[in-house]
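Working notes for the structure below.
The values are calculated or read from the model by the stated rules, or taken from the named source; none is laboratory data. None of these values were measured; they are calculated from a predicted model. Ideal geometry is used to build each Cβ from the backbone, glycine not excepted, and the neighbour counts take in all protein chains shown. For accessibility, only protein heavy atoms count, side chains too; no ligands or nucleic acids. Shrake-Rupley method; radii C 1.70, N 1.55, O 1.52, S 1.80 Å.
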Amino acid sequence: MSTYEIRLQRLMKDAIAELNKIDIYPSEAIAGIKENSRAKRRLGCCKKSVYRGKVKYEIEISTMLKEKNDRQIKEIIHHELLHTCKGCLNHGQKWKALAAKVNDIYGYCIKTTADIPDSAEKGVKQYRYEIRCNQCGNTGYRMKKSKVVMQPENYRCSKCGGQLTVKEKSFWN
Ligand SMILES: [Zn+2]
Ligand SMILES: [Zn+2]
């Protein structure tokens, strides 16, 4: 286990205690918290699995947050912990209500989506929009809402002249 993972475990304990204090109870079935160095567009994720009727949650936090302070990392951990609460696997009404409560009481800024922090940008292919040719699959990436992102129908693939589709990525899961 890396020192970052040891830190993540400590912060998750903290975060759970903070939630319990305000009557929010993350699942008891959280198997652990791990670092994730592969995901480039996601700061955290919460995976739910069911094996032989037993539910298990696994939380992963991006190594892009390594340089951030405890509170900033905890904000992401809170986001994921709330996904383990009953009926909260999606960013639906229940999840949103809990996130609002935590934000209100503790002054966090837990959001459904987030920008990748500046310091994490170095060496990482950053984008918010993926522009893909329907015909040849040629793919481009944009961070900003440019003209082609807004109106892809007005543009064509530079390689084959095919029509383009734009997808917006979420940095969270
Ligand atoms: Zn094309
Ligand atoms: Zn989420």
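Over the chain, accessible surface divided per residue gives 60 Å², non-protein components excluded, 1.4 Å probe. Mean residue ellipticity at 222 nm, helices only, the chain: -9500 deg cm²/dmol; runs of at least 4 DSSP H residues each add -39,500 (n - 2.57), and the sum is divided by the number of residues.
Heavy-atom accessible area with a 1.4 Å probe sorts 63, 84, 3, largest first, into 3, 63, 84.
Computed from label points 7 Å out along Cα-Cβ, the spacing between residue 37 and residue 63 is 0.2 nm. Computed with a 1.4 Å probe over protein heavy atoms only, the accessible area of residue 98 comes to about 40 Å². When the residues 133, 109 are ordered by accessible surface, computed with a 1.4 Å probe over the protein chains alone, the sequence from largest down reads 109, 133.
Given a 1.4 Å probe and the protein chains as shown, residue 158 ends up with an accessible area of around 110 Å². When the GluC sites (Glu not before Pro) in region 48-79 are filtered for DSSP coil states and for at most 14 other beta-carbon atoms within 10 Å of their beta-carbon, the remaining sites are 67. Since only 55, 20, 140 are under comparison, the one whose Cα sits farthest along the positive direction of the charge dipole of the chain, derived from C-beta charges on Lys, Arg, Asp and Glu, is 140.
In plain terms, the chain from residue 50 to residue 112 could stretch by 19.9 nm, reckoned as 0.36 nm per residue minus the Cα-Cα distance.
Here region 129-168 exposes an accessible surface that is 43 percent carbon and sulfur, computed with a 1.4 Å probe and the other protein chains kept in place. Across the chain, the fraction of Cα-Cα pairs farther apart than 29 Å, rounded to a whole number, is 31%. Put a plus charge on the Cβ of each Lys and Arg, a minus charge on the Cβ of each Asp and Glu, and nothing anywhere else: the dipole of the chain about its Cα centre is then about 620 debye.
Give me the Debye-computed log₁₀ of I(q)/I(0) at q = 0.29, 0.30, 0.31 Å⁻¹ for region 129-168, equal point scatterers on Cα only, no solvent, two decimals. The calculated log intensity ratios at q = 0.29, 0.30, 0.31 Å⁻¹ are -0.97, -1.03, -1.08.
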